[in-house]
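Sharing a structure with you now.
The values are calculated or read from the model by the stated rules, or taken from the named source; none is laboratory data. Keep in mind that what you see is a predicted model, and the values were worked out from it rather than measured. Cβ: placed from backbone, ideal geometry, glycine included. Neighbour counts: every protein chain shown.
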Amino acid sequence: MKDNSELSEKRQEEEKPKRKNYVSNKETLLRADTAIENLQNQAVIKEKMAVHGYGEEQVAGLSATRDNARAEYHKNEREGQESLASRATFEDSAEKLFEMYGDDRKKAKRVFREEPEILAILELDGRIPTSYAGRIDIVKLFYRTLSEKQEYLDRLTPLMITAEHVTAANSLIDATEKAREAYFREKGESEASTPAKNAAFRKLDKEMGDMYTIAAIALKDTPQLLEALGKKIKS
């Protein structure tokens, strides 16, 4: 069961590695880790950077920005995974429901095939809508009507559409609707976490760029130390 307008919607990638000179969030964090480690612990780098105004206070600020970016990255990843899991739960529940309805619809159409009024009441005289919203409405109507009209249900009971079966169908409807609500809630939370993550990485990129600008001056005579900060040097 797939709904082109909703259930088949794919979570968009927030990172697009096809861009020229693209650096992923993971790569940015690893580069920042390398730079901060050497800014804190490599004696020559530490001394030369401090002389040029990039001392412990500046390194601590860069470290805090890196930590915040990592936290936002993990939060965004977690929200994304929760969104995917809730979508899978929703799709599984909806697929089971619509498969059940499809089988029951065929049975009911056969039983009431010469009674157009009942076919109309159960909305069996047209096509099944392709959208989720249209489909769930017709499914709800079908099982609600069978719950209310015992005379219809009595005629369907020989085909295994019993009161218990209808109760199970209505329970599955409720579960599917709740799963859909959970999916959209998680999807919204995932999307809402992306701007904060992007802002955190923009800040980290800027501060890393500022640090590299100073490092290019402070370490101009020792380019290998610039590479130790994660800055690639053209050979």
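Hey, among Leu119, Leu124, which residue is among the aliphatic types (A, V, I, L, M), farther than 12 Å from Thr176 by Cβ, more than 34 Å from the chain's Cα centre (by Cα) and in a helix (DSSP H, G or I)?
So the residue among Leu119, Leu124 that is among the aliphatic types (A, V, I, L, M), farther than 12 Å from Thr176 by Cβ, more than 34 Å from the chain's Cα centre (by Cα) and in a helix (DSSP H, G or I) is Leu119.
Then there is this: Select from region 101-116 the residues that are outside any loop (DSSP other than H, G, I, E, B) and in contact with a Leu (Cβ under 7 Å, 6 or more places away or on another chain) and write down the one among them that is farthest from Ala182 (Cα to Cα). Quick ask: steps written out before the conclusion?
First, pick out the residues of region 101-116 that are outside any loop (DSSP other than H, G, I, E, B): 101-111, 116.
From what is left, the residues that are in contact with a Leu (Cβ under 7 Å, 6 or more places away or on another chain) are 105, 107-109, 111.
Working: Arg105: 28, Lys107: 32, Ala108: 32, Lys109: 34, Val111: 37 Å.
Residue satisfying both the conditions and the ranking: Val111.
Hey, another quick one. If you go through region 175-229, how many residues are of a type in the set (Ser, Thr, Tyr), over 27 Å from Ala43 (Cβ atoms) and surrounded by fewer than 19 Cβ atoms within 10 Å (Cβ to Cβ)?
1
Yes or no, residue by residue, for (1) in contact with a strand residue (DSSP E or B) (Cβ under 8 Å, 6 or more places away or on another chain); (2) exposed (fewer than 15 other Cβ atoms within 10 Å of the Cβ); (3) touching a residue at least 40 places away in the same chain (Cβ under 8 Å); (4) closer than 18 Å to Phe98 by Cβ:
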residue: Val111; (1), (2), (3), (4): no, no, yes, no
residue: Pro116; (1), (2), (3), (4): no, yes, no, no
residue: Ser131; (1), (2), (3), (4): no, yes, yes, yes
residue: Val139; (1), (2), (3), (4): no, no, yes, yes
residue: Leu146; (1), (2), (3), (4): no, no, no, yes
residue: Asp154; (1), (2), (3), (4): no, yes, no, no
residue: Thr157; (1), (2), (3), (4): no, yes, no, no
residue: Ile161; (1), (2), (3), (4): no, no, yes, yes
residue: Glu164; (1), (2), (3), (4): no, yes, no, no
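Now for a separate question. In this structure, does Lys140 turn out to be under 30 Å from Ser24 (Cβ atoms), among the basic types (Lys, Arg) and outside any loop (DSSP other than H, G, I, E, B)?
no
Could you please let me know if Leu97 is touching a residue at least 40 places away in the same chain (Cβ under 8 Å), of a type outside the set (S, T, N, Q), crowded, with 19+ Cβ neighbours inside 10 Å and under 19 Å from Met160 (Cβ atoms)?
Working: touching a residue at least 40 places away in the same chain (Cβ under 8 Å): yes; of a type outside the set (S, T, N, Q): yes; crowded, with 19+ Cβ neighbours inside 10 Å: yes; under 19 Å from Met160 (Cβ atoms): yes.
Judged against the criteria, Leu97 is a match.
Quickly run through region 154-205 and pick out the residues that are of a type in the set (S, T, N, Q) and more than 23 Å from the chain's Cα centre (by Cα).
Passing the criteria: Thr157, Thr162, Thr167, Asn170, Ser171.
Which helices (runs of 4 or more DSSP H) sit wholly inside region 149-235 and have at least 2 residues that are modelled with pLDDT of 95 or more, hydroxyl-bearing (Ser, Thr, Tyr) and touching a helix residue (DSSP H, G or I) at 6+ places or on another chain (Cβ under 9 Å)?
Numbers: elements: 150-156, 163-218, 223-228.
Filter on region 149-235 gives 163-218.
Would you mind finding the one in Leu172, Leu119, Leu146, Leu124 that is of a type in the set (A, V, I, L, M, F, W, C) and farther than 22 Å from Glu95 by Cβ?
Of Leu172, Leu119, Leu146, Leu124, the one residue that is of a type in the set (A, V, I, L, M, F, W, C) and farther than 22 Å from Glu95 by Cβ is Leu119.
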